[in-house]
1. Which of the peptides 105-111, 124-130, 38-44 is most tightly packed, and how do the rest follow, going by the mean number of other Cβ atoms within 10 Å of each residue?
2. Tally Lys and Arg at +1 and Asp and Glu at -1 over the other residues with C-beta under 11 Å from the C-beta of VAL151: what net charge comes out?
3. If you put +1 on each Lys and Arg Cβ and -1 on each Asp and Glu Cβ, how big is the dipole of the stretch 1-46 around its Cα centre, in Debye rounded to 20?
4. With a 1.4 Å probe and every protein chain left in place, work out the accessible area per residue of the chain in Å², rounded to a whole number.
5. What three numbers, in Å, describe the spread of the alpha carbons of the chain along their principal axes, ordered from the longest?
6. Identify the residues of the stretch 137-177 with backbone N under 18 Å of a label point that sits 7 angstrom from the Cα of GLN28 along the Cα-to-Cβ direction, or state none.
7. If amide H atoms are built 1.01 Å from N in the plane of the peptide, which residues on other chains or at least 5 residues away come under 5 Å of the amide H of ARG132?
8. I want to check the label-to-label distance for SER93 and GLU138. Put each point 7 Å from Cα in the C-beta direction and report it in nm to one decimal.
Amino acid sequence: MREHAALLRGLGADVVHVRRPEELATVQGLVIPGGESSVIDKLARSFGMQAPIRAAIASGLPVYGTCAGLILLADEVLDGIEGQQSFGGMDISVRRNAFGRQTESFETALDVPTLGDPPVRATFIRAPIVERAGARVEVLATLPDGGIVAVEQGPLIGTSFHPEVDGETRFHERFLAHVVDHAAGR
Ligand code: GLN
């Protein structure tokens, strides 16, 4: 969360931490960070945030989700804990902890054609994978084995990995471009 905030501030954005509906109402975009998706889900529900976030997504609020954040943006979560819910919004099915124990965490250079050169340094930490992407979803990046790890659907972006820990700014710049469009009513 700290890394996202620092990176976004470095790009000129005003950043506030959103924990309650009143704070959500003030922002023009939302980053859902990594962590533990089942915990974020439970906290969001107990703080009365699930319905407001769903409504914000439905109304076109730009959202960028990394790792657990990607899981929370998925319409379908695979291997969730009992009763785990997501906010949804992206027509994708995401499997949690998809890389098994051996490769719990790894770093790789990832080609992201939309972002151009150089490749993205991508850090995966107990990362999920996108197993299904619907017709409206643009696949931004895949691993060499074809596994989908970055997606976009309208103003929603999701990555399985954490660009913010490597100082990679291009996904956040893309998110901020959506924010500017949204704030301008485009
Ligand atoms: N494995 C975590 C989950 O299921 C995600 C890990 C992360 O965000 N780095 O939510």
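1. By packing density, highest mean first, the sequence is 124-130, 38-44, 105-111.
2. Details: positive: ARG132, ARG136; negative: ASP91, GLU138, GLU152.
Computed value for this residue: -1.
3. Numbers: 6 positive and 6 negative charges, 18 e Å.
Magnitude of the dipole: close to 80 debye.
4. Details: 8950 Å² over 186 residues.
Accessible area per residue, the chain: 48 Å².
5. Sorted from largest, the Cα extents of the chain read 42, 40, 32 Å.
6. Residues 155-157, 172-177 qualify, since their backbone N sits under 18 Å from the label point.
7. Residues meeting the criterion, in which the H sits 1.01 Å from N, are SER93.
8. Label-label distance for SER93 and GLU138, simple model: 2.5 nm.
The values are calculated or read from the model by the stated rules, or taken from the named source; none is laboratory data. Quick caveat, the model's predicted, so the values are computed rather than measured. A quick note on method: Cβ atoms are made from the backbone with ideal geometry, for glycine too, and the neighbour counts reach across all protein chains shown. These accessible areas exclude ligands, DNA and RNA; they are computed on the full protein's heavy atoms, side chains included. Shrake-Rupley method; radii C 1.70, N 1.55, O 1.52, S 1.80 Å.
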